[in-house]
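Worksheet for the structure shown next.
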Amino acid sequence: MQLPPPPGRTPAAAPSARSEPRRRIGDPTGEVLDGRYTVGALLGSGGMAEVHRGHDQVLDRDVAIKLFHGQPDAQLSDRERVEAQLLAGLDHPGLVKVHDVGNSPIAGWVVMDLIDGPDLHRLLRDGPLGPEQTWAIGHDVARALAYVHAKGITHRDVKPSNVLTRDAEPSSGRFGYVLTDFGIARRVDSDRLTATGETIGTAAYFSPEQARGEAVDGSTDIYALGLVLLECLTGEPAFEGRGLETALARLHRSPEIPTAVNPAWRGLISRMTAGTGSERPAAAEVANTLAAQRNAFLADARAAAADTAVEDAGPATRAIPGATHGSQTAQNSNSTRRAFVLGLNEHSTQPPESSEGPSTSGNRKPTPRNRRWWVAGAVVVVLVLVVLGAVLAGLLNQTPAVEPLPSVPGVPGERLSELYESVQP
């Protein structure tokens, strides 16, 4: 695919290996490229190029100007041309759009859309991002990659500095995050632009197949995106270090996903960073999964864990039927923290048995199904005993009634009365 030359200008010729060396980019601010594009402030730089804010004098609009530095050898020129051709043939809201390309005494250049926002690498300097922002990044970039992969193109360098942020409300439908820098992208069916056995990309985000110098496809981009999303959630690269050490690390282990990360994220990132490309989901599947399970991905992992713990704990005085010894021990610990519950004192660790089934502890005697009836019965017995005791005490202390003597006339009767009175208490 060839870019049509702008009106009134011949196509930029690719310099050969014998061309006059291109001088290193100094400060190009104020330079005018092709009599049209004014170079402004530096926005960012990388190993092969730097990006400046610019202004299109013809259309009176701000643009981004990418200036390639280094020697104008044939390979580098091919990469510049391929990037421009690839991007010029792509039209997607999640990708940076190319408008023009050319050469100058300063450098080869590409004019692109200006995305007026920091790249993801700068955002991560302040620490991890929240689940909502990470979700938006994953959803936008996965949709952009799905479009690119459908065109037969592999990016090969998905990393935070190649994800640009755009000021866009989610309700606007615009992509808040766009993918850029196709400088090392390649078509699946095209010859590699690198020398045999040469591996290019960013070591921290290499897939295992990239680290081995093998052929790559869209699954390579999915692996890198999985590492980017993990870094968004944790604030740290999954594989730290530089160069060969970092690249080879993924050949021996999978990226470590902290247990504090939301389970939905853990599951998706584990699939995206599988050791072989055939085990990874396609970009469209990643985007669809994020869209379909949005609430699960936005849930706070710590809150979810706390809710689960509360639900699992249950009432402290109930035994779960069929519980294991470990869960019974944990339940006993909870019971210890509750004092005097239906006959349990604060030193007891044995809860009453559930009415739903017997205890699984074989060496424990079964307790009454309901201690309240036992307590009530004991109270009744005590009350009866108290009442009986009171009645008996009253009977024992009662003074017997004095029975009248029979009437006896004369002196015998008087003597009998005196004798009776003398023996009374």
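We did not get these values from a lab; they are worked out from the coordinates using the rules stated. What you are looking at is a predicted structure, and each value in this text was computed from that prediction instead of being measured. Here the Cβ positions follow ideal geometry from the backbone for every residue, glycine too, while neighbour counts run over all protein chains shown.
Pop out the ³J(HN,Hα) list for the stretch 218-234 in order, Karplus 6.51 cos²θ - 1.76 cosθ + 1.60 with θ = phi - 60°, rounded to Hz; leave Gly and Pro as x.
Residue by residue, the stretch 218-234 yields x, 5, 5, 5, 5, 4, 5, 5, x, 5, 5, 5, 5, 5, 4, 7, 9 Hz.
For SER45, what residues show an amide H to amide H distance below 5 Å, using hydrogens built from the backbone and excluding near sequence neighbours?
VAL51
If r is the Cβ-Cβ distance from GLU236 to VAL58 and R0 is 45 Å, what FRET efficiency results, to the nearest 0.05?
For GLU236 and VAL58, the calculated efficiency is 0.50.
Short version: ³J(HN,Hα) in whole Hz for each residue of the stretch 50-56, in order, from phi by Karplus 6.51 cos²θ - 1.76 cosθ + 1.60 (θ = phi - 60°), x for Gly and Pro, what are they?
Karplus values, whole Hz, x for Gly and Pro: 9, 10, 10, 5, x, 9, 8.
Could you put MET48, MET112 in order, starting from the residue whose Cβ has the fewest other Cβ atoms within 10 Å?
Fewest to most other Cβ atoms nearby, the residues stand as MET48, MET112.
Students often check this: by mean Cβ neighbours within 10 Å, which of 134-144, 54-64 ranks highest, and how do the rest follow?
134-144, 54-64
For SER254 and ASP27 in the same chain, what is the full-extension length gain: residue separation times 0.36 nm, less their Cα-Cα distance, in nm?
Here the segment from SER254 to ASP27 would lengthen by 77.4 nm.
Rounded to the nearest 0.05, what FRET efficiency do ALA282 and ASP167 give with R0 = 22 Å and r taken as the Cβ-Cβ distance? Could you check?
0.15
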